[in-house]
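K.L.:
Pasting in a structure now, in structure tokens, and then I'll have a few things to ask.
The values are calculated or read from the model by the stated rules, or taken from the named source; none is laboratory data. Keep in mind the model is a prediction, meaning the values are calculated, not measured. Reconstructed Cβ throughout: ideal geometry from the backbone, glycine too, with neighbour counts over all protein chains shown.
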Amino acid sequence: MINQKIPNLLRRYRKARGLNQKQAARILGIGSTTMISRWEKGTCLPSALNVFKLAALYRTMADALFPNLTSILRQELLKREEGLLKARYAKAI
């Protein structure tokens, strides 16, 4: 995922709350709108703490803000889990 934009719904949720970037930044305790803009453009990810702050501000769950990323991570984890379970089953036989 390096050098790729990270699709998200941050802008949509912010707009749905009727907030501009400056208002969102002020509520979140962020000094400027630069980070809000970068997050919305997908050029960088917010910290875990800021993801939860955004979710609380936008009245949604954290994973709803990044549905594509959530889906990719779930698929990767499922593959790893299946591989582990297969290996564990093969040892038991």
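K.L.:
Pick from the stretch 38-79 the residues that are of a type in the set (S, T, N, Q) and surrounded by 14 or more Cβ atoms within 10 Å (Cβ to Cβ): which of them is modelled with the lowest pLDDT?
P.N.:
Filtering the stretch 38-79 for residues that are of a type in the set (S, T, N, Q) and surrounded by 14 or more Cβ atoms within 10 Å (Cβ to Cβ), the one modelled with the lowest pLDDT comes out as Thr70.
K.L.:
When you check Thr60 against the structure, is it under 22 Å from Gln4 (Cα atoms), part of a loop (DSSP other than H, G, I, E, B) and within 14 Å of the chain's Cα centre (by Cα), yes or no? Spell out how you get there, then give the answer.
P.N.:
Working: under 22 Å from Gln4 (Cα atoms): no; part of a loop (DSSP other than H, G, I, E, B): yes; within 14 Å of the chain's Cα centre (by Cα): yes.
Criteria not met by Thr60.
K.L.:
Quick check on my filter: what residues within the stretch 15-29 are among the charged types (D, E, K, R), within 19 Å of the chain's Cα centre (by Cα) and over 13 Å from Ala56 (Cβ atoms)?
P.N.:
Pass one, the stretch 15-29, residues among the charged types (D, E, K, R): 15, 17, 22, 26.
If we keep only those that are within 19 Å of the chain's Cα centre (by Cα) too, we end up with 15, 17.
Residue satisfying the conditions is Lys15 alone.
K.L.:
Inspect all residues belonging to the stretch 67-82 and state whether any of them is out of contact with any helix residue (DSSP H, G or I) (no Cβ under 7 Å at 6 or more places or on another chain), assigned to a loop (DSSP other than H, G, I, E, B) and within 23 Å of Gln4 (Cα to Cα).
P.N.:
There is no residue in the stretch 67-82 that is out of contact with any helix residue (DSSP H, G or I) (no Cβ under 7 Å at 6 or more places or on another chain), assigned to a loop (DSSP other than H, G, I, E, B) and within 23 Å of Gln4 (Cα to Cα).
K.L.:
Quick check on my filter: what residues within the stretch 68-78 are under 22 Å from Arg14 (Cα atoms) and either free of Cβ contacts under 8 Å to residues at least 60 places away in the same chain or acidic (Asp, Glu) (or both)? Can you show your working first?
P.N.:
Step one: list which residues in the stretch 68-78 are under 22 Å from Arg14 (Cα atoms), which gives 68-71.
Across the stretch 68-78, the qualifying residues are Thr70, Ser71.
K.L.:
Also: Testing Asn50 on (1) under 16 Å from Pro7 (Cβ atoms); (2) touching a helix residue (DSSP H, G or I) at 6+ places or on another chain (Cβ under 9 Å), one condition comes back false. Which one is that?
P.N.:
Just one mismatch for Asn50, condition (1).
K.L.:
Considering only the stretch 15-33, I want to know if a residue exists there that is surrounded by 12 or more Cβ atoms within 10 Å (Cβ to Cβ), charged (D, E, K, R) and closer than 16 Å to Lys5 by Cβ.
P.N.:
No, the stretch 15-33 contains no residue that is surrounded by 12 or more Cβ atoms within 10 Å (Cβ to Cβ), charged (D, E, K, R) and closer than 16 Å to Lys5 by Cβ.
K.L.:
Looking at (1) on the phi < 0 side of the Ramachandran plot; (2) of a type outside the set (A, V, I, L, M); (3) without any contact (Cβ under 8 Å) to a residue 60 or more places away in the chain, can you tell me which one Arg59 breaks?
P.N.:
Checking Arg59 against (1) on the phi < 0 side of the Ramachandran plot; (2) of a type outside the set (A, V, I, L, M); (3) without any contact (Cβ under 8 Å) to a residue 60 or more places away in the chain, the one that fails is (1).
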